[in-house]
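The values are calculated or read from the model by the stated rules, or taken from the named source; none is laboratory data. Note that the structure is predicted; figures quoted are calculated from it, not measured. Here the Cβ is made from the backbone with ideal geometry for all residues, glycine too, and neighbour counts use every protein chain on show. Please note that ligands, DNA and RNA were not included when accessible areas were found on the heavy atoms of the full protein model with its side chains. Shrake-Rupley method; radii C 1.70, N 1.55, O 1.52, S 1.80 Å.
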Amino acid sequence: MPAGYTIRRPTRADLPAIAEFTASCDLHDTGGVDFTPAAFEMEWAFPRFDPATDAWTIHAPAAELVAYAHVLRRPKVAPETIGWVHPEHRGRGLGGLLVDLTEARVREIVEAPGAEEPRSIVNWTNHAVRDAATLLEARGYRVNRSFWRMSITLGEEEPAAPAWPDGVELRPMRVGVDDEAVYETVVTAFRDHWGSAPLPFPEWREVRMGTRFFDPKLWLLAWTDDRLVGASLNMDEDGDAWVQTLGVLREARGKGLGRALLLESFRAFHRRGRRRVLLGVDSENLTGATRLYENAGMTIDRQYDHWERELD
């Protein structure tokens, strides 16, 4: 580590400063903020996450925060890492140090008695940050998937109401009543997707419904009689409007339900004064989701790469 720099273990009190720091990195690299305070709060809400073991901040001699990384775990899949280095402090080995720290932690995880995770590590990067790609490639990582962030800017007039398939009824989310039905529908809808590794229901509920950003009025549920067949789980992240999860059961696909849920999500955000709506999607999605979003007027504005390597 360069002389004068120090490594610390952050606490939850440091989250606002971390979010402000990563936002400054994103603004420099891409002209926009990619990781919001809400995103950090959701990831730090993961039950297996502990900042005392799974997160690091690096500080320059003047004590300012100049680098950050964390490790996230889900059942039976490779632990995932992500990190940032301030543009003015790049080229000094801090990125490599973050990779060393995260790899060491992942080794502890996968070598622990009873560990279910495979002996590999995932690192996420913004495709626009080519220095990060160069570093990971030199360390033996390879890209095995890319994901897109797509967006749309809504006009001043509220979008027109969508056409719903016959027999489908949109009903409000009933907290404490519909929780498990939503979970089962989303898990089933995404079961065939690449990298699917759902959290157990209690953990999913804590992550998705346990933060201050959860608003049941933004969870749109499509029912056929007493069966939940599709859902759009949306979130207003302090002004950033996100379609967090949009899923339709296989039996209900091909009838326009996904499009109806997406357009109704646009309408819900528009009524709240939000004009820019975002979502993330696998660039190689097999269900036609990317075509659905493009046909609804959304365009790609970011690419994130999923790097992975097996541990020695």
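For the range 16-65, name all the residues that are aliphatic (A, V, I, L, M) and within 18 Å of the chain's Cα centre (by Cα).
Answer for the range 16-65, where residues must be aliphatic (A, V, I, L, M) and within 18 Å of the chain's Cα centre (by Cα): I18, A19, A23, V33, A38, A39, M42, A45, A55.
Filtering the range 285-307 down to residues that are open to solvent by 30 Å² or more (accessible area, probe 1.4 Å) and over 17 Å from the mean Cα position of the chain (by Cα), which residue is nearest to E80 (Cα to Cα)?
It comes out as L286.
Cβ-Cβ under 6 Å, sequence separation 6+ or interchain: first residue in the range 240-267 and farther than 14 Å from V281 by Cβ and modelled with pLDDT under 95, partner among the polar types (S, T, N, Q) and in a loop (DSSP other than H, G, I, E, B). Which pairs?
Listed by first residue and then by second, the contacts come to D240/T36.
Only one residue in R48, R92 is over 30 Å from M235 (Cα atoms) and open to solvent by 60 Å² or more (accessible area, probe 1.4 Å). Which one?
Answer to the selection: R92.
Being within 13 Å of F190 (Cβ to Cβ) and of a type in the set (D, E, K, R) is the filter here; which residues of the range 234-252 pass it?
R250
Within the range 4-31, work out how many residues are without any contact (Cβ under 8 Å) to a residue 40 or more places away in the chain and not in a helix (DSSP H, G or I).
1
Within the range 133-150, work out how many residues are over 20 Å from E284 (Cα atoms), open to solvent by 30 Å² or more (accessible area, probe 1.4 Å) and either among the hydrophobic types (A, V, I, L, M, F, W, C) or part of a helix (DSSP H, G or I) (or both).
4
Go through the residues of the range 101-114 one by one and say whether even a single one is in contact with a Cys (Cβ under 8 Å, 6 or more places away or on another chain) and open to solvent by 20 Å² or more (accessible area, probe 1.4 Å).
no
Check P61, P37 and return the single one that is more than 13 Å from G83 (Cα to Cα), touching a residue at least 60 places away in the same chain (Cβ under 8 Å) and open to solvent by 40 Å² or more (accessible area, probe 1.4 Å).
Unique residue meeting the criteria: P37.
Taking the condition open to solvent by 10 Å² or more (accessible area, probe 1.4 Å), in contact with a strand residue (DSSP E or B) (Cβ under 8 Å, 6 or more places away or on another chain), in a helix (DSSP H, G or I) and over 30 Å from P37 (Cβ atoms), does E251 pass?
For E251, the condition - open to solvent by 10 Å² or more (accessible area, probe 1.4 Å), in contact with a strand residue (DSSP E or B) (Cβ under 8 Å, 6 or more places away or on another chain), in a helix (DSSP H, G or I) and over 30 Å from P37 (Cβ atoms) - is met.
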